[in-house]
Amino acid sequence: MASIGRGLDALRRVVFGRLPGRSAAAPAEELGRDGPLTAMVIVAHPDDAEFICGGTVAKWCDQGWTVYYVLATSGDKGTHDPDFTPQQLAALREQEQREACRVLGVKEVIFLGYPDGFLRADAEFRGQIVRLLRRYRPDVVLTWDGFRQGFNHSDHRAVGIAARDAIYPAVRDHLYYPQDKDDGLDAMQVNEMLLAGTTDPDYVVDISAYTETKLEAVICHRSQLGNRSPEEIRRTWGERMRAANRARQVESFKRVQIRRPARQEKEEQPPAETAAAPASKPTER
C-alpha cells in the first residue's frame, strides 16, 4: 500500500472485514482440481498480495502449486516517518515481502523497481509483464481488477490494466515484443485470470484452514502496521472471527477465462479419423 494509513485501512477492511464472508452459491474451486498448477501474482506494492490473496496463495503452495510474485513497485512512498528515504523504505519493504513469501511458500518474488505512486500501464511496463509470462509460463495469473468501479489506488488500476493487456493479446502473439523470441522466450497462452478487489466476484476460495498463515504473512509487513503489535492484531483477528460466527472464511475474485483463437484450436485438434467406407452392396445371386 502507498502509505501506513492506507495500509491500516486495508488491514481492517480486508483482513478483519471482508475476509470471513459467505457465498451461498459459490462455484467449486475448479483451478487445480486436476493437479497443481503454476500461478503468477502481479501486484503493485509489497503487502498487496498478502491482503488480497494471502490465504489463497498459502493454500495453493500447500497443494503443490508453484507460485511467483511480481511487484511493480517496492512501496517507497508508504510511510509517514520523516527519517526514511525512499531507498531505505524500499529496501525494508522488499525484505518484509521476502519474509511474507517464505511464510506462504512462494517460490520467487520479482521486483520491477517502478516508483510508488507513478505506475503507468504503458508499452514498457506491459512488455516487462509479457516477458515474465513467457519466461515463467503460468497457468493462472492473479492481479488487481484494473477496471473496478469506484475509488481505487492509481497503481492498482495501472497494474491490473497492464496485466490484462499483456495477457490478451500480447503474450500469445509472437509479433508483440519479438525480441523475446531472440532470447528463447516463445509466445504462450494464459487461459485463466483471477481479479482481486473486484465489485463482482464469482470465484471463491475457501481459506478456512489457512487464515493463520495469511495473518502471519500480513504481520511480516511491520512497517505498514503503525502502532499495532502482532499480539494486538491477532487478538483483534480472533474477536472478529468469533463475532462473525460464519461457517467458513473465503477470498473472492472475478474469474476471467481467455479463449484461444479459433485458428489455434483448429491446429491443436487431432486429425479426424478416416470415415469408414460404406458397406458394399451384397452381390445378387
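Residue-level check: of (1) more than 14 Å from Ala72 (Cβ to Cβ); (2) in a helix (DSSP H, G or I); (3) among the β-branched types (Val, Ile, Thr); (4) in contact (Cβ under 8 Å) with a residue 60 or more places away in the chain, Val190 misses just (2).
Hey, does the range 62-80 have a residue that's within 14 Å of Val140 (Cβ to Cβ) and in a helix (DSSP H, G or I)? There is no residue in the range 62-80 that is within 14 Å of Val140 (Cβ to Cβ) and in a helix (DSSP H, G or I).
How about the range 168-194: which of its residues are touching a helix residue (DSSP H, G or I) at 6+ places or on another chain (Cβ under 7 Å) and not hydroxyl-bearing (Ser, Thr, Tyr)? Matches in the range 168-194: Ala170, Val171, His174, Asp180, Leu185, Asp186, Ala187, Met188, Gln189, Val190, Met193. If I filter the range 47-60 for residues that are among the charged types (D, E, K, R), in a loop (DSSP other than H, G, I, E, B), modelled with pLDDT of 50 or more and under 19 Å from Asp76 (Cβ atoms), do I get at least one hit? Checked the range 47-60: at least one residue is among the charged types (D, E, K, R), in a loop (DSSP other than H, G, I, E, B), modelled with pLDDT of 50 or more and under 19 Å from Asp76 (Cβ atoms). Considering only residues in the range 169-188 that are within 14 Å of Glu124 (Cα to Cα) and among the aliphatic types (A, V, I, L, M), the one that is surrounded by the most Cβ atoms within 10 Å (Cβ to Cβ) turns out to be Val171. Of the residues that sit in the range 197-247 and are assigned to a helix (DSSP H, G or I) and among the small types (Gly, Ala, Ser), which one is surrounded by the most Cβ atoms within 10 Å (Cβ to Cβ)? Restricting to residues being assigned to a helix (DSSP H, G or I) and among the small types (Gly, Ala, Ser), the top hit is Ala217.
All conditions but one from (1) at pLDDT below 95; (2) surrounded by fewer than 20 Cβ atoms within 10 Å (Cβ to Cβ); (3) in contact with a Leu (Cβ under 9 Å, 6 or more places away or on another chain) apply to Val250; the one that does not is (2).
Within the range 155-194, the set of residues being closer than 24 Å to Phe118 by Cβ and of a type outside the set (Val, Ile, Thr) comprises Asp155, His156, Arg157, Ala158, Gly160, Ala162, Ala163, Arg164, Asp165, Ala166, Ala170, Tyr177.
Do you know which residues across the range 121-134 are buried (at least 17 other Cβ atoms within 10 Å of the Cβ) and either free of Cβ contacts under 8 Å to residues at least 60 places away in the same chain or not in a helix (DSSP H, G or I) (or both)?
Once the filter is applied, which keeps residues that are buried (at least 17 other Cβ atoms within 10 Å of the Cβ) and either free of Cβ contacts under 8 Å to residues at least 60 places away in the same chain or not in a helix (DSSP H, G or I) (or both), the range 121-134 yields Ala121, Phe125, Arg126, Gly127, Gln128, Val130, Arg131, Arg134.
Please find, within the range 135-175, the residue that is nearest to Val256 (Cα to Cα) out of those that are assigned to a loop (DSSP other than H, G, I, E, B) and of a type in the set (Lys, Arg). Only one residue tops the list, namely Arg148.
The values are calculated or read from the model by the stated rules, or taken from the named source; none is laboratory data. Note that this is a predicted model, so its numbers are computed, not measured. Positions of Cβ are backbone-derived with ideal geometry, glycine not excepted, and every protein chain shown enters the neighbour counts.
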